[in-house]
Amino acid sequence: LFLRPGESWGDVDGLAIQREMIRRTIKEHLDKEKRLRPLGIKVLSLFFIDEVAKYRCYTDTGEESGEYARIFEEEYLAQLNEVLNLEDTPYNRYLKGIQPAKTHNGYFSIDKKTKRLVNPEAKARGESAGETDDVDAYDLILKDKERLLSFEEPVRFIFSHSALREGWDNPNVFVICTLKHSDNTISRRQEVGRGLRLSVNQNGDRMDNPATVHQINVLTVVASESYKDFVGALQKDISDSLSARPRKADEAYFTGKVLKTPT
């Protein structure tokens with residue numbers, strides 16, 4: 001028996017793991033959102049996927065949702081039904097006002113000839129007749145950054161192919177889900193880096209109060225087991241880097257140093 005990528009054997013659903021990861025991401029998002037929305041903080045969640053067709057595909061009759069988009073809306077509705085049955089609160093009323101199809105979007109490369117979304121490596125492989133460039137998608141996010149962080153904008157879940165490394169910087173990514181398979185350490189660092197920012201509220205103020213900064217700015221990464229070793233190594237690197245820094249400006253820290261004051 002030979003299995004190709006995406007195929008399964010027996011009763012195992014080939015998308016079972018991805019569905020569970022999407023479900024967990026939505027749950028983590030809603031838990032964080034319920035706690036942070038009263039503070040004026042909009043929560044964003046970011047999915048990294050391996051190909052555009054799994055989010056949006058094209059047929060002779062037009063656009064269709066890919067399997068990840070369909071799974072997301074199914075699981076989002078399921079989670080929403082659980083939340084909305086509990087109590088009537090301002091947060092639940094906020095959730096009722098957002099259509100599932102409107103609360104997620106995808107930012108990918110755009111083929112300038114066909115205007116369709118494409119994988120960013122298409123240009124390098126020469127597979128597309130039109131010119132493709134990730135910058136188009138990144139510019140969209142950069143220009144609408146303030147709107148994306150506003151409660152008035154329904155988009156809270158973002159699907160992307162790559163790590164958005166060319167200039168994309170949004171401080172309110174609280175959950176990252178890696179649905180793509182990659183053993184590239186640099187790529188993984190770039191993905192995690194999208195969530196290593198101090199968040200801001202609706203006034204644009206950074207949430208850096210020493211009393212609450214560590215409670216508010218917590219990143220959750222939903223990933224496969226292959227991330228275990230990577231996360232352990234990353235945490236060790238960060239710990240080693242921080243341990244070399246002085247933690248207190250006491251007498252020992254200033255001993256032997258020369259301080260200059262403006263005249």
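The values are calculated or read from the model by the stated rules, or taken from the named source; none is laboratory data. Since the structure is predicted, the reported quantities are computational estimates derived from the model, not experimental observations. Heads up, the Cβs are rebuilt from the backbone with ideal geometry, glycines too, and the neighbour counts pull from every protein chain shown. Note: accessible area is taken over every heavy atom of the protein model, side chains too, but ligands, DNA and RNA are not part of it. Shrake-Rupley method; radii C 1.70, N 1.55, O 1.52, S 1.80 Å.
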So, first residue farther than 17 Å from Ala16 by Cβ and open to solvent by 10 Å² or more (accessible area, probe 1.4 Å) in the stretch 61-79, second residue in a helix (DSSP H, G or I) and at pLDDT 95 or above, Cβ within less than 7 Å, six or more apart or across chains; the pairs are Gln79/Ile26; Gln79/Lys27; Gln79/Leu30
Quick one: in the stretch 10-52, of everything that is hydrophobic (A, V, I, L, M, F, W, C), open to solvent by 40 Å² or more (accessible area, probe 1.4 Å) and at pLDDT below 85, which residue is nearest to the chain's Cα centre (by Cα)?
-> Leu15
Looking at the stretch 80-99, which of its residues are open to solvent by 30 Å² or more (accessible area, probe 1.4 Å) and within 22 Å of Ala16 (Cα to Cα)?
-> Asn81, Glu82
Okay, helices (runs of 4 or more DSSP H) sitting entirely in the stretch 213-263 with 1 or more residues that are β-branched (Val, Ile, Thr) and modelled with pLDDT of 80 or more, I get 213-216
State the number of residues belonging to the stretch 13-54 that are under 14 Å from Leu149 (Cα atoms) and part of a helix (DSSP H, G or I).
-> 4
Return only the number of the condition from (1) at pLDDT 70 or above; (2) loosely packed, with under 10 Cβ neighbours inside 10 Å; (3) in a helix (DSSP H, G or I); (4) polar (S, T, N, Q) that Asn203 does not satisfy.
-> (3)
